[in-house]
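Colleague: Below are the structure tokens for one structure; questions will follow.
Read the figures in this text as sums done on the coordinates, not as results from a lab. Quantities reported herein were computed from a predicted structural model and do not represent experimental measurements. Positions of Cβ are backbone-derived with ideal geometry, glycine not excepted, and every protein chain shown enters the neighbour counts.
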Amino acid sequence: MSRFCRTATDRRAGFLLLEALVALAIAALVLAVLAQIISSARHASRRPMEQMSSLSVARIVANALSSSSLSLAREGQFGRFSYVARTAPVEISTRASRLAPAPSGIENSDKRSGAGPPGRVPQLLTVVVAAPSGRRLVFETIASDRSD
């Protein structure tokens, strides 16, 4: 009888192989979920930095294209970012004003369809920047371009 009792207590003294495998499977599942959470948090923290870098590239390209002293290709690479720039003329129409007409002797200097300095036509400048992750940023601004 003592032999029977001893084997019953020996059997319960340690973990069974099945119990150990279940514990390992649960631990592996928890680690996989934690790794996924950490990875998505790391990826989400890069998004604002990448967005700001894309915006900086778009502003640099827009300033270079609107400046007459700098020359820059309409398509190209800027570091790890690629960009495409397009321009289109902007039609500016004057609206009827409820203001009183100008006194005699004062001439309205803006009788053209466009605004800005003489000899310049306003242009809609669109810069599309592609980030290394594949996200795209569209930056639009109005620039004045020489009409000659």
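Colleague: Using Cβ counts within 10 Å as a stand-in for footprinting exposure, how do ARG46, ARG95 rank, fewest first?
Modeller: Exposure proxy ranking, most exposed first: ARG95, ARG46.
Colleague: Give, as a single signed number, the net charge of other residues whose beta carbon lies under 13 Å from the beta carbon of LEU55, with Lys and Arg counted +1 and Asp and Glu -1.
Modeller: +2
Colleague: Between VAL138 and LEU24, what length comes free when the chain is fully extended (0.36 nm per residue of separation minus the Cα-Cα distance, one decimal in nm)?
Modeller: The VAL138-LEU24 span can extend by a further 36.2 nm.
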